[in-house]
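Report on the structure given below.
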Amino acid sequence: MLLGCLSSLNNHTARDRITQVSMRHKDSFEWLYDSKAVPFCTWLANSAYNQPIFWVTGKPGSGKSTLMRFAMQDPRTRTYLKKNQNDNNSWHFIGFFFHERGSVIQKSIKGMLKELLFQVLNQFPHLFEIVESHYERLVTEQRKNLPDWDERTLKICLYDVLNRDKHISNSLSVKICFFIDALDEHIGDNNQLLSIIEVLARLSQQNSSGVTNKIRFKICLASRPWTVFMERFAALPQFAIHKHTSVDIVNYANEKLNQALQSRTNGVQSNLQMWKSLVDSITDKALGVFIWVRIVVDEVCKGIRDGTAYFLLKELVLSMPAELKDLYAHTLQRVDPQHVFEAHTMLQIALCALSPLPLSIFWDCTMATLYEETAKTENLTDPLSWLASRSGGLLEAIQQSSPPPDRHHLPPVGPREI
């Protein structure tokens, strides 16, 4: 019965987004665990549960999703959660990252509820007893072992599972930290989503009272600073990520520029102070937006490898639009004129894809659209260079995290302003 329930809830695409999010660059975001910088580890270690929700906010492209993935995977998160607890039970992490460019399951409230319930039951099978009657009803009504779950039933089941009063007396202790990313990317009603979060917060606070409860949980959220979120989350422990990434940006820019400088073959020693000034200009203009930095640094590195004079590179940085939307347009304008139509075609294919495309399929789609015929991928001697040169760096290939191995796939264009 449990396996049938899990199978009816399971949809691996709901978890794909987490693995598609870029890993942090080297030592970026180390400040997350510095209590003098941000209150995240203080919130983790707080055993009172009077504030069960933490909010990470920030500008578009500032690295919120990357930071959320980092927080889920870094062992220090679990260490701080266990810091002031009075038992040895481990904390379990459950995540859902909304993805506007993804499938319906990745960007809907129903998809979130279904995935959260699946992960809870998958990690704590003894809790199935609480939702068993609901599953049996769906099976009976629909006359199939893998029934379709409606949003109302999903809410009831998730609330019941996380409700202390619903727990069977001999159930094992449960400790969960939820990570829900990109609230602004879901396609439903913001107030409905916030109502669900508020119910979960109340359950967490109720569960913290008394000594007989069997479940404890916290929720870490991330979103853009939209008014609807700022109004509801104003009193929560929080930080704005773009206010803390200047050192991370400097380190990233320094590494990329140094790599480009070392690739030059003229043997001329570089003026380090001069390049430091360029990095400072990039950092100041970025205002904490990592995507802006990546695009601009790619342009600068290309110029370095092409032998462009320093003062022209400085002018390039200063001329780059500060707003992402304008930067994307500016980047496309700089694509080689002979590749413009191909670039637009590639971006349209990526935007229309409902899920990441394997590089070979992306190549086939592009060739078929441009020339009404397919060309063998083997003819593409350097696929990553082809991708970068045609798209101006707005598309990138990422290593696939699941079989088949040694393949690359393309994520949809990250920022949805394109």
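The values are calculated or read from the model by the stated rules, or taken from the named source; none is laboratory data. Note that this is a predicted model, so its numbers are computed, not measured. Cβ placement follows ideal geometry from the backbone for every residue including glycine, while neighbour counts extend to all protein chains displayed.
A few points about this structure:
- Verdict on PRO75 being over 23 Å from LYS243 (Cα atoms), surrounded by 22 or more Cβ atoms within 10 Å (Cβ to Cβ) and not basic (Lys, Arg): no
- Test set (1) part of a loop (DSSP other than H, G, I, E, B); (2) modelled with pLDDT of 95 or more; (3) hydroxyl-bearing (Ser, Thr, Tyr) - SER65 fails condition number: (1)
- Condition met for GLU299 (in contact (Cβ under 8 Å) with a residue 60 or more places away in the chain, more than 17 Å from LEU316 (Cα to Cα) and either assigned by TED's automatic domain parsing to the domain that holds LEU313 or among the small types (Gly, Ala, Ser) (or both)): no
- Considering residues of segment 37-54 that are surrounded by fewer than 22 Cβ atoms within 10 Å (Cβ to Cβ) and of a type in the set (Phe, Trp, Tyr) only, the residue modelled with the highest pLDDT: TRP43
- Only one of the listed residues (GLU136, GLU129, GLU115) is at pLDDT below 95, part of a helix (DSSP H, G or I) and either closer than 22 Å to ASP189 by Cβ or not basic (Lys, Arg) (or both). That residue is GLU129.
- Checking ASP34 against (1) modelled with pLDDT of 95 or more; (2) over 26 Å from ILE291 (Cβ atoms), the condition it does not meet: (2)
- Residue in segment 81-103 that is within 14 Å of the chain's Cα centre (by Cα), surrounded by fewer than 16 Cβ atoms within 10 Å (Cβ to Cβ), within 28 Å of ALA234 (Cα to Cα) and among the charged types (D, E, K, R) present: yes
- Residue in segment 287-331 that is modelled with the highest pLDDT, counting only those that are among the basic types (Lys, Arg) and within 20 Å of ARG264 (Cα to Cα): LYS314
- Which listed residue is surrounded by 15 or more Cβ atoms within 10 Å (Cβ to Cβ) and within 25 Å of MET274 (Cβ to Cβ), from LEU324, LEU318, LEU313: LEU313
- Flag for ALA222 being closer than 22 Å to GLU100 by Cβ, at pLDDT 95 or above, in contact with a Lys or Arg (Cβ under 7 Å, 6 or more places away or on another chain) and among the small types (Gly, Ala, Ser): yes
- Considering only residues in segment 286-310 that are under 14 Å from ALA253 (Cβ atoms) and small (Gly, Ala, Ser), the one that is surrounded by the fewest Cβ atoms within 10 Å (Cβ to Cβ) turns out to be GLY303.
- When GLY95 is tested against (1) of a type outside the set (Asp, Glu); (2) farther than 22 Å from ASP184 by Cβ; (3) at pLDDT 95 or above; (4) not in a helix (DSSP H, G or I), only condition (2) is not met.
- Criterion: acidic (Asp, Glu), over 30 Å from MET230 (Cα atoms) and out of contact with any Asp or Glu (no Cβ under 6 Å at 6 or more places or on another chain) - qualifying residue of GLU115, GLU129, GLU151: GLU129
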